[in-house]
Amino acid sequence: MTMKRKKLPIGIQTFAILREGGYYYADKTGYAVDLAENGSYYFLSRPRRFGKSLFIDTLKELFEGNQKLFEGLQAEKRWDWSKKHPVIHISFSDGVLKSKGELNIRIKNILFSNRVNLHLPTAEERFKDDISGNFLDIIEQIHEKMGERVVVLIDEYDKPILDNITDRAIATDMREGLKNLYSVLKGADAHLRFAFITGVSKFSKVSLFSGLNHLDDITLDARYSAICGYTDEDIDTVFYPEILELDREEIRNWYNGYNWLGTSVYNPFDVLNLFSKRDFRAYWFETGTPTFLIKLLQERGTFTPDLDNMVASDRLLSTFDVDNMPTEALLFQSGYLTIASTQRIGAVFQINLCYPNMEVRSSLNNCLLQMLTHLDSQYIKNSNSLYNALIKNDFNGLKKVFQQFFSSIPYNWYTNNPIAQYEGYYASIFYSHFAGLGVQTQVEDATNHGRIDMTVLFNGNVYIFEFKVLELVPEGKALAQIKECGYAEKYQNRNEPIHLIGVEFSKKNRNIVAFDVETV
């Protein structure tokens, strides 16, 4: 297959520019038509840099009837181009607002811009301090003027709140200010043809959309799992010229895996930067280090290896507010965890979460290491040493890497940090080192005889780890348990060397005191 290379749409959020500028485009217009034909009020939550703004702009062009932009796309033959609807576009994607006063000014400017674009009287004096009245007046006036019901598109609806989430008072003020704006939709039903709202988090309807009970949340609707992001098919067809000379399986391992109960997708920002720079890196992760999230995990004493195997209900994943932020919902909505599998247990729909791909697993665990150790650079040096020791199966070197690492952690960090008091702290350090390398690592690995603390598969070898704290068990118990429970049996059919590694810590010494290895 030979295809002409096009321009990469890195940072392009305007549908017309993308279509007229010779850029690649993975066709999402079929989803837009489906939504318009099957309902009127929608909400969609997706992580940052996933193409939400581009989809909002696609809807805008569709309802405004700009047929030329849709030539050759799925929507072209499905849409009634004779009917054009007025569109009100509201976006909070730009800049950071630090007070309710700044928010009100921004909203007034947005409404003013919409009046200008729709050729309506500006009415600045009439609605000087009445934001909701101003918004409703625009909807009513443009409906009357054009004779067609109005389309309202709201992009990054929650950004003013999330930008201030570490300050509960300001975040609450932002929430109330936005509620004043969004509440208009409830009473404007007679004038509205369609409304589509996007954001990163799903705040409860009570807190932001009170009364808008017919808002259809399609975040966890399998039909729309791939509404944003690129599918495997997109990579292999639309972007075929770009994957030449790149390892296709490596692309999948690094960037695929985001799932909302349907087709898995790649993060567009990652893929486009990979095609541009031809180098595998954590492009998406590096644009927004999750400082607030890391701090929250630390305060809650989260056992970090559990992050790759969290369980939640669909209701919990949709529970989010300024004063109620479940760890699972925060990780899922922000894109650091995704859906691995589901099952229904009675009336409860259970969702199993996992890291979406190697980029997130590796990058987040490197950040977690800094949290777990309060060391900004030591973990990088250790990662290099760890990798070299694994390649050589140098177990003395492996032991030395971790002993030096624990020794380098300042004493006052142990005394002032609550997470260091948890027994799982030591195992977390091990797990995050391996996961940070991108090595296949599994905790609580189930066998017929119990659960292995941690299994690492790397370079044609199997490493089975058991962790013990000497103050709680007799010396030598870690390796003995691996052997007594027959943990190696699970991996014998791989015909690879299996290394049994018993690691024992001392809380008193704050370090490894035993590192016993046996190869079978």
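The values are calculated or read from the model by the stated rules, or taken from the named source; none is laboratory data. Values in this document were obtained by computation on a predicted structure and should not be read as measured data. With ideal geometry, Cβ positions are generated from the backbone for all residues, glycine too; neighbour counts draw on all protein chains shown. With ligands, DNA and RNA removed, areas are computed over all heavy atoms of the protein, side chains included. Shrake-Rupley method; radii C 1.70, N 1.55, O 1.52, S 1.80 Å.
Summary of computed values
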read-out	value
Scope the range 54-96; condition assigned to a loop (DSSP other than H, G, I, E, B), in contact (Cβ under 8 Å) with a residue 40 or more places away in the chain, open to solvent by less than 50 Å² (accessible area, probe 1.4 Å) and not small (Gly, Ala, Ser); matching residues	73, 79, 85, 86, 92
Residue check, residue 225 modelled with pLDDT under 95 and among the polar types (S, T, N, Q)	no
Looking only at the range 235-266, and only at residues there that are of a type in the set (Asp, Glu) and touching a Phe, Trp or Tyr at 6+ places or on another chain (Cβ under 8 Å), the one that is farthest from residue 73 (Cα to Cα)	250
Top-ranked residue in the range 308-327 [being over 16 Å from residue 292 (Cβ atoms) and either assigned to a helix (DSSP H, G or I) or open to solvent by less than 20 Å² (accessible area, probe 1.4 Å) (or both); ranked as modelled with the highest pLDDT]	312
Residues (among the hydroxyl-bearing types (Ser, Thr, Tyr) and assigned to a strand (DSSP E or B)) located in the range 328-375	338, 341, 342
Residue 16, sole failed condition from (1) within 28 Å of residue 139 (Cβ to Cβ); (2) crowded, with 16+ Cβ neighbours inside 10 Å; (3) touching a residue at least 40 places away in the same chain (Cβ under 8 Å)	(2)
Neighbours by Cβ (under 7 Å, 6+ apart or cross-chain): first from the range 384-396, free of Cβ contacts under 8 Å to residues at least 60 places away in the same chain; second open to solvent by 50 Å² or more (accessible area, probe 1.4 Å) and not β-branched (Val, Ile, Thr)	386/437; 387/437
Residue 431 being open to solvent by less than 30 Å² (accessible area, probe 1.4 Å), within 22 Å of residue 393 (Cα to Cα) and in a strand (DSSP E or B)	no
Subset of the range 481-505 that is open to solvent by less than 30 Å² (accessible area, probe 1.4 Å) and in a helix (DSSP H, G or I) - its residue that is farthest from residue 403 (Cα to Cα)	491
Among (1) crowded, with 18+ Cβ neighbours inside 10 Å; (2) on the phi > 0 side of the Ramachandran plot, the one test that residue 301 misses	(1)
Qualifying residue in the range 449-465 (condition: assigned to a helix (DSSP H, G or I), more than 21 Å from residue 387 (Cβ to Cβ) and among the basic types (Lys, Arg))	no
Unique residue being among the aromatic types (Phe, Trp, Tyr) and in contact with a Cys (Cβ under 7 Å, 6 or more places away or on another chain) when the list is 63, 50, 15	50
Residue check for residue 275: surrounded by 14 or more Cβ atoms within 10 Å (Cβ to Cβ) and assigned to a loop (DSSP other than H, G, I, E, B)	no
Failed condition for residue 284, given (1) within 30 Å of residue 244 (Cβ to Cβ); (2) touching a helix residue (DSSP H, G or I) at 6+ places or on another chain (Cβ under 7 Å); (3) open to solvent by 30 Å² or more (accessible area, probe 1.4 Å)	(3)
Residue match in the range 342-349 (condition: in contact with a Leu (Cβ under 6 Å, 6 or more places away or on another chain) and either basic (Lys, Arg) or buried (at least 17 other Cβ atoms within 10 Å of the Cβ) (or both))	no
